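Worksheet for the structure shown next.
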């Protein structure tokens, strides 16, 4: 397993965290998503097929801006 961490603007509450988890979890190969609201940090555990760009694109489609 590999881990990729991305920060994203717009994560301000638990509802945002839930939306991020739902969106990123749907990416094929993702096995876990942790969101730290205060730091606006998203940590994604995956099988190695998932690129940082794919995670960032998913965040953008969900309405969050990767930093």
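The numbers here are math on the coordinates, done by the rules we state, and not lab data. Bear in mind that the values here come from a model prediction, so they are computed numbers and not experimental data. Methodologically, a virtual Cβ is constructed for each residue, glycine included, from the backbone with ideal geometry; neighbour enumeration extends over all protein chains shown.
Observations on the structure shown:
- With respect to the conditions (1) surrounded by 15 or more Cβ atoms within 10 Å (Cβ to Cβ); (2) in a strand (DSSP E or B), residue 31 lacks only one, and its number is (1).
- Count of segment 2-17 residues which are surrounded by 15 or more Cβ atoms within 10 Å (Cβ to Cβ) and either touching a helix residue (DSSP H, G or I) at 6+ places or on another chain (Cβ under 8 Å) or assigned to a strand (DSSP E or B) (or both): 6
- Restricting segment 35-50 to residues that are part of a loop (DSSP other than H, G, I, E, B) and touching a residue at least 40 places away in the same chain (Cβ under 8 Å), the residue that is surrounded by the most Cβ atoms within 10 Å (Cβ to Cβ) is 50.
- Within segment 51-67, tally of residues that are surrounded by fewer than 20 Cβ atoms within 10 Å (Cβ to Cβ), touching a residue at least 12 places away in the same chain (Cβ under 8 Å) and within 24 Å of residue 13 (Cβ to Cβ): 7
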